[in-house]
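Heads up, the thing below is written out as C-alpha cells.
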Amino acid sequence: MERYRISCSIFIFLLVLVGYSQDTEQPGDNQDAYSFKLDYNVPESPAFAVLDANPTTIMRASTPQEIITQLASNFLSGNEVSPGLAFDFNPYFTFGGRLKSVKEYRNSYGKRFLANLQLSFATINSMDFPDDLLFSGGIRATLFDSKDLIFDKQLGEDIDNALVPDESDIPGPMNNNDQGTVVDNPALKQAYANAKTRYMEKAGGSLALGYAIAGRAKDNSFKTDSIVTYRHQAWLVGQYDLGKSGMSINAMVMYRYDQTPQTTDNDGLISGIALRKYGKKLILSAEIYHDSMKESIDFGGYAEVYLIPSITLFASLKKETNSITGDEDVLLKPGIKWNFSQAKK
Amino acid sequence: MPKSNYCLINPDGGSLKVKVTANNGIRSGSIFILWELQNGKWEKKEKFKVITGDDGVDEFILLEKPGDIENDSLAWSINACSTINNVERGEFNITVIQDGKNRWTKESSRLVPKCSDGKQLKFGSHVIFKHLINDNLSTSDLWKDTE
C-alpha cells in the first residue's frame with residue numbers, strides 16, 4: 001500500500017511538472033489543432049459517471065467533442081484502480097441524421113440538440129466485485145452552450161479563406177480529380193489556434209442533462225439470469241467560464257438510485273461544485289460535493305495533461321468509500337483519453 | 001470521357017447560373033474556370049471564387065452568352081472540410097441552371113476530414129457545354145440516339 005501511495009505521488013508530480021513545462025508556449029505558436037479538441041472542455045463520459053470511473057464527480061456542461069474513447073486503466077502498479085473502457089458517440093449522425101448547413105445548426109435548437117447528443121457505453125472490472133463485469137450505458141444532452149465553437153463567425157470566415165484554392169491550384173480544362181485527396185492545410189490549423197485563444201478568453205456558460213444506468217454481469221456471464229441492474233442516475237450540470245483568467249466554475253446536482261449489497265433501495269442526491277483552471281496543456285481542478293446517501297461531504301483533486309497527439313493523460317485524487325467494507329480511502333484514479341477519430345486516420 | 005461531363009444548353013436561352021451546395025455544415029472553398037479552345041489551345045475566359053460558407057450554398061452567373069459557349073469547358077477545384085463535431089460525410093451538388101431549368105447536375109457523397117485536424121479534401125472535375133438542338137430532348141435521350 002505504501003509503495004502504491006509513493007507511485008501515485010510520483011505520477012502526479014510528473015504530470016503537473018510536464019504540464020507546466022509545456023504550458024509556457026505562446027498562443028498560436030506551434031500548437032497543433034487537435035490539441036483544441038483534446039485538452040479543453042471535453043465533457044466526461046456519462047457511462048463512466050454511473051460506474052464512478054470518471055476522474056471527477058462534478059461533470060462539465062460544454063458541448064461534446066468528436067468520438068472519444070476513454071480508458072480507466074491501472075497502468076500504474078496499484079490494484080485499487082479498475083481497468084475499463086468507455087466509448088462515446090453521437091447517435092444522430094451515426095444513424096444517418098443530416099444537417100443542411102452551419103446556419104441551420106445555429107438557428108435550429110432541435111438540430112443543434114440532436115447534433116450534440118452523446119451516447120455512451122462502458123465496461124469496467126471493479127475491485128468491489130472481482131468476479132463480475134460492470135457495464136453501463138448513458139446519454140447526455142447539451143441544453144445550452146454560449147461558447148459553442150460553431151457560433152464563432154470569425155472561425156468560419158478564417159476557414160473559408162483558408163479553403164479557397166490559390167493560383168497554383170487553378171483547375172485545368174480537363175480537370176479530373178473526382179476521387180479527391182486529403183491534404184494538409186496549415187492555414188486551417190492556424191484558424192483553430194486563433195479560435196482556441198478566443199475561446200479561452202471568452203466568458204460564457206453552458207448547461208447539460210444526463211442519464212445513465214449501470215448493470216452487473218455476474219461471473220462475467222451475459223446470460224439473462226446473470227445480469228442485474230444496480231444503479232440509475234440523472235443529473236443536471238451547469239458551467240460558467242470566467243474568461244481571461246482561464247477559470248471555470250461547475251455546479252452539479254445528481255439524483256442516484258443505488259442497489260448495492262450494502263444499500264438496498266437507497267436513493268439520494270449528490271450535489272457540489274468544482275473550480276477548474278485551464279492552461280494550454282494542463283487542467284487543474286478541485287471539487288467538493290455532498291452525498292446525501294452517505295451523509296458525507298467529500299472532496300477531490302484532478303490534473304489532466306496533454307502530452308502527445310491523440311492522447312491525454314489524467315489523474316485524480318479522491319476520497320471514496322469501499323462498497324463492501326465501508327472503509328474510506330483517498331484513491332488515485334489515472335486514465336487516458338484517446339481521440340479515436342485522430343487515430344483512425 | 002464520361003457522358004456526365006456534357007451539359008446540354010439552349011443557345012438562345014438565358015444566362016447560365018452555376019449553383020454549388022454542401023450540406024451537414026461542411027465548409028468549402030473553390031475556384032471555377034471557364035476555358036475556351038482557340039486554335040487548338042485552351043484559353044482562360046472567366047474565373048469565379050465560390051464559398052459555400054454558413055449557408056452551405058453559393059452561385060455565380062457565367063458572363064459568356066450561351067450561344068458562344070459551345071465546347072467550352074467549365075472546370076473546378078474544391079477544397080472542403082467539416083466543422084461540426086461528429087460529421088464525417090457530406091453531399092456536394094453542382095448544378096447548371098438555365099431559365100429556371102436544371103440543365104446538368106453532379107451529386108456526390110464524400111468523406112471529409114475535420115477542419116480542426118488541419119486537413120482538407122481536394123477534388124475537382126469539369127463539364128463541357130453543348131448546344132441543345134431540341135429543348136424537349138433530355139441528355140439521356142440524346143445519348144440513346146447515339147448508341
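The values are calculated or read from the model by the stated rules, or taken from the named source; none is laboratory data. The model shown is predicted, which means the values in this text are computed figures rather than measured ones. As a convention, Cβ positions derive from the backbone with ideal geometry for all residues, glycine included, and neighbour counts pool all protein chains shown. In case anyone asks, the SASA skips ligands and DNA or RNA and just uses the protein heavy atoms, side chains included. Shrake-Rupley method; radii C 1.70, N 1.55, O 1.52, S 1.80 Å.
Exactly one condition in (1) facing chain B (nearest Cβ under 9 Å); (2) open to solvent by 50 Å² or more (accessible area, probe 1.4 Å) is false for A:Phe121; which is it?
The failed condition is (1).
Regarding the stretch A:159-178, can at least one residue be identified that is open to solvent by less than 10 Å² (accessible area, probe 1.4 Å) and among the small types (Gly, Ala, Ser)?
no
I need every pair where a residue in the stretch B:43-69 that is farther than 19 Å from B:Asn10 by Cβ and at the interface with chain A (Cβ under 9 Å from one of its Cβ atoms) has its Cβ under 7 Å from the Cβ of a residue that is among the hydroxyl-bearing types (Ser, Thr, Tyr) and surrounded by 13 or more Cβ atoms within 10 Å (Cβ to Cβ), sequence separation at least 6 or different chains.
If the second residue must be among the hydroxyl-bearing types (Ser, Thr, Tyr) and surrounded by 13 or more Cβ atoms within 10 Å (Cβ to Cβ), the pairs left are B:Val50/B:Ser30; B:Thr52/B:Thr21; B:Thr52/B:Ser28; B:Asp54/A:Ser101; B:Asp55/A:Ser101; B:Gly56/A:Ser101; B:Gly56/B:Thr21; B:Val57/B:Thr21.
With the requirement that a residue be over 22 Å from A:Asn194 (Cβ atoms) and open to solvent by 30 Å² or more (accessible area, probe 1.4 Å), what does the stretch B:109-125 give you?
B:Ser109, B:Leu111, B:Lys122
Is at least one residue of the stretch A:106-113 open to solvent by 40 Å² or more (accessible area, probe 1.4 Å), facing chain B (nearest Cβ under 9 Å) and modelled with pLDDT of 95 or more?
Checked the stretch A:106-113: no residue is open to solvent by 40 Å² or more (accessible area, probe 1.4 Å), facing chain B (nearest Cβ under 9 Å) and modelled with pLDDT of 95 or more.
Kindly provide the set of residues from the stretch B:70-89 that are facing chain A (nearest Cβ under 9 Å), touching a strand residue (DSSP E or B) at 6+ places or on another chain (Cβ under 8 Å) and not hydrophobic (A, V, I, L, M, F, W, C), ordered by number.
Correct list: B:Asp72, B:Ser73, B:Ser77, B:Asn79, B:Thr83, B:Asn86, B:Glu88, B:Arg89.
If we keep just the residues of the stretch B:9-26 that are open to solvent by 10 Å² or more (accessible area, probe 1.4 Å) and part of a strand (DSSP E or B), which is farthest from the other protein chains (Cβ to nearest Cβ)?
The selected residue is B:Lys17.
Return yes or no: is A:Asp145 at pLDDT 90 or above, crowded, with 17+ Cβ neighbours inside 10 Å and out of contact with any helix residue (DSSP H, G or I) (no Cβ under 7 Å at 6 or more places or on another chain)?
So A:Asp145 fits the description; yes.
Could you check how many residues of the stretch B:55-94 are basic (Lys, Arg) and assigned to a strand (DSSP E or B)?
1
B:Leu37 passes all but one of (1) within 9 Å of chain A (Cβ to nearest Cβ); (2) assigned to a loop (DSSP other than H, G, I, E, B); (3) surrounded by fewer than 22 Cβ atoms within 10 Å (Cβ to Cβ); which number fails?
Unmet for B:Leu37, out of (1) within 9 Å of chain A (Cβ to nearest Cβ); (2) assigned to a loop (DSSP other than H, G, I, E, B); (3) surrounded by fewer than 22 Cβ atoms within 10 Å (Cβ to Cβ): (2).
Just to be sure, is A:Val253 modelled with pLDDT under 80, open to solvent by 60 Å² or more (accessible area, probe 1.4 Å) and over 30 Å from A:Ala195 (Cα atoms)? Write out each step before concluding.
Values: modelled with pLDDT under 80: no; open to solvent by 60 Å² or more (accessible area, probe 1.4 Å): yes; over 30 Å from A:Ala195 (Cα atoms): yes.
Judged against the criteria, A:Val253 is not a match.
Which condition from (1) closer than 13 Å to A:Thr57 by Cα; (2) at pLDDT below 95; (3) open to solvent by 10 Å² or more (accessible area, probe 1.4 Å) is the one that A:Leu236 breaks?
A:Leu236 satisfies all of (1) closer than 13 Å to A:Thr57 by Cα; (2) at pLDDT below 95; (3) open to solvent by 10 Å² or more (accessible area, probe 1.4 Å) except (2).
Only residues that are at the interface with chain B (Cβ under 7 Å from one of its Cβ atoms) and aliphatic (A, V, I, L, M): list them for the stretch A:152-190, please.
A:Ile159, A:Leu163, A:Val164, A:Ile170, A:Met174, A:Val182, A:Val183, A:Leu188
Would you check if B:Ile97 is among the hydrophobic types (A, V, I, L, M, F, W, C) and under 18 Å from B:Lys130 (Cα atoms)?
Judged against the criteria, B:Ile97 is a match.
In this structure, does B:Glu59 turn out to be modelled with pLDDT of 95 or more, among the charged types (D, E, K, R) and under 19 Å from A:Lys100 (Cβ atoms)? Working first, answer last.
Details: modelled with pLDDT of 95 or more: yes; among the charged types (D, E, K, R): yes; under 19 Å from A:Lys100 (Cβ atoms): yes.
Yes, satisfied.
Only one residue in B:Ile61, B:Ile69, B:Ile26, B:Ile9 is under 15 Å from A:Pro173 (Cβ atoms) and not small (Gly, Ala, Ser). Which one?
B:Ile69
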